[in-house]
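**Student:** Questions regarding the structure given below will be posed in turn.
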Amino acid sequence: MPEIPDLNIFRDNLAKRLVGQKLSTINILESRRLKLPETAFKAALEGHRLTEINRIGKQLYFVFGEKHTLSLQLVLYGSMHWYNGKNENRFTIAELMFSNGTGLAVTDWQKAVILTLDPEPAAVPDALEIPRGYLAHALKEFSKPIKTVLQEGKVVQGIGNAYTDEILYAANISPFSIAGKIPEKNIVVLTKAIHDVLTGAEAHIRKNFPDTITEKERDFLSVHLPRHKITPKGEKIIVSTIASRKTYYTEGQELFK
């Protein structure tokens with residue numbers, strides 16, 4: 001699943017080639033997850049200039065002119081690919097052709113990608129824009145494991161399975177800790193870990209794959225390492241399940257309950 005570090009790089013690389021161009025055509029080949037018909041997307045977007053691309057949570061927002069926005073959520077297996085002329089990418093969900101002759105194909109073999117026209121504003125902050133003291137107040141209401149709370153998007157947007165494990169490892173908090181039982185001093189550490197882990201991963205990916213618009217391997221991570229038995233520090237990696245999601249952590253992470 002592409003997460004914030006990946007999506008920030010995708011956003012920048014998409015913007016380099018597409019911002020300032022008009023959308024010539026949008027064709028939606030798989031419509032089962034649309035809330036509006038394809039004709040509504042065409043009427044709102046075709047012929048309009050792309051003015052900016054933003055990211056909020058796990059969604060990319062393509063802003064056309066001053067009126068309409070197309071949001072794209074890649075979910076688990078969604079991917080984007082450049083093409084010229086005819087799109088020959090398999091499992092295509094949507095095709096966007098721009099006035100400079102650049103095509104963008106959105107693919108997903110699971111057909112789970114979500115395209116939304118003019119989405120509602122987000123109700124909770126993005127993971128990289130958490131206000132000071134916000135988590136200390138917000139987490140008090142939850143009796144679920146902290147991993148579940150960080151992932152489900154009701155408190156903060158944009159943190160997926162892999163980076164939740166990485167953040168909790170960096171903060172030395174067990175993923176099984178009850179969110180509302182974590183002391184405020186540890187929540188301060190957690191808030192910093194969210195920022196540091198996500199920006200650090202983005203810097204690594206940007207250095208190694210500067211032009212990418214597709215998700216890359218994550219062998220540089222510290223604990224969410226399905227192919228490894230120990231962390232780079234030599235700690236045994238424990239694998240468990242929380243809310244049906246595979247979870248990687250170490251014995252040394254502190255449990256609050």
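**Student:** Would you check if there is a residue in the range 61-82 being open to solvent by 60 Å² or more (accessible area, probe 1.4 Å) and at pLDDT 95 or above?
**Tutor:** Among the residues of the range 61-82, at least one is open to solvent by 60 Å² or more (accessible area, probe 1.4 Å) and at pLDDT 95 or above, which makes the answer yes.
**Student:** Taking the range 115-163 as the region of interest, how many residues are in contact (Cβ under 8 Å) with a residue 60 or more places away in the chain, under 22 Å from Ser244 (Cα atoms) and among the hydroxyl-bearing types (Ser, Thr, Tyr)?
**Tutor:** Adding up the residues that qualify gives 2.
**Student:** OK, next. Which condition breaks for Ile194 when tested against (1) at pLDDT below 95; (2) within 22 Å of Gln73 (Cα to Cα)?
**Tutor:** Answer for Ile194: the failing condition is (1).
**Student:** Follow-up question, since we're still on this one. Conditions first: (1) in contact with a Lys or Arg (Cβ under 8 Å, 6 or more places away or on another chain); (2) not in a strand (DSSP E or B). Ile93 passes all but one, so which condition is the exception?
**Tutor:** Unmet condition: (2).
**Student:** All but one of (1) open to solvent by less than 20 Å² (accessible area, probe 1.4 Å); (2) farther than 16 Å from Glu30 by Cα; (3) hydroxyl-bearing (Ser, Thr, Tyr) hold for Thr107, so report the exception by its number.
**Tutor:** (2)
**Student:** Also, quick follow-up: Which of the residues spanning the range 24-50 are open to solvent by 70 Å² or more (accessible area, probe 1.4 Å) and either on the phi > 0 side of the Ramachandran plot or assigned to a strand (DSSP E or B) (or both)?
**Tutor:** Passing the criteria: only Arg49.
**Student:** Identify the residue in the range 116-149 that is under 30 Å from Ala94 (Cα atoms) and aliphatic (A, V, I, L, M) and, among all such residues, is farthest from the chain's Cα centre (by Cα).
**Tutor:** Leu117
**Student:** Restricted to the range 192-231, and to residues that are among the charged types (D, E, K, R) and touching a strand residue (DSSP E or B) at 6+ places or on another chain (Cβ under 9 Å), which residue is nearest to Leu14 (Cα to Cα)?
**Tutor:** Within the range 192-231, the match that is nearest to Leu14 (Cα to Cα) is Glu215.
**Student:** What residue, of Val223, Val239, is surrounded by 16 or more Cβ atoms within 10 Å (Cβ to Cβ) and touching a Phe, Trp or Tyr at 6+ places or on another chain (Cβ under 9 Å)?
**Tutor:** Going through Val223, Val239 in turn, the sole match is Val223.
**Student:** Please work out if Thr199 is in contact (Cβ under 8 Å) with a residue 24 or more places away in the chain, open to solvent by 30 Å² or more (accessible area, probe 1.4 Å) and among the hydroxyl-bearing types (Ser, Thr, Tyr).
**Tutor:** Taking the combined requirement at face value, the residue satisfies it.
**Student:** Across the range 125-150, what is the total count of residues that are touching a strand residue (DSSP E or B) at 6+ places or on another chain (Cβ under 8 Å), in a helix (DSSP H, G or I) and surrounded by 20 or more Cβ atoms within 10 Å (Cβ to Cβ)?
**Tutor:** 2
**Student:** Could you list all residues from the range 161-187 that are touching a Pro at 6+ places or on another chain (Cβ under 8 Å) and part of a helix (DSSP H, G or I)?
**Tutor:** Within the range 161-187, Tyr163, Thr164, Asp165, Leu168, Ala179 qualify.
**Student:** Sticking with this structure for a sec: Cβ-Cβ under 8 Å, sequence separation 6+ or interchain: first residue in the range 75-98 and over 24 Å from Val63 (Cβ atoms), partner in a strand (DSSP E or B) and aromatic (Phe, Trp, Tyr). Which pairs?
**Tutor:** Asn89/Tyr83
**Student:** How many residues does the range 151-173 hold that are among the hydroxyl-bearing types (Ser, Thr, Tyr) and open to solvent by less than 10 Å² (accessible area, probe 1.4 Å)?
**Tutor:** Summing the residues that are among the hydroxyl-bearing types (Ser, Thr, Tyr) and open to solvent by less than 10 Å² (accessible area, probe 1.4 Å) in the range 151-173 gives 2.
The values are calculated or read from the model by the stated rules, or taken from the named source; none is laboratory data. Everything quoted here is computed from the prediction, not taken from an experiment. Positions of Cβ are generated from backbone atoms using ideal geometry, with glycine treated the same way; all protein chains shown enter the neighbour counts. Note: accessible area is taken over every heavy atom of the protein model, side chains too, but ligands, DNA and RNA are not part of it. Shrake-Rupley method; radii C 1.70, N 1.55, O 1.52, S 1.80 Å.
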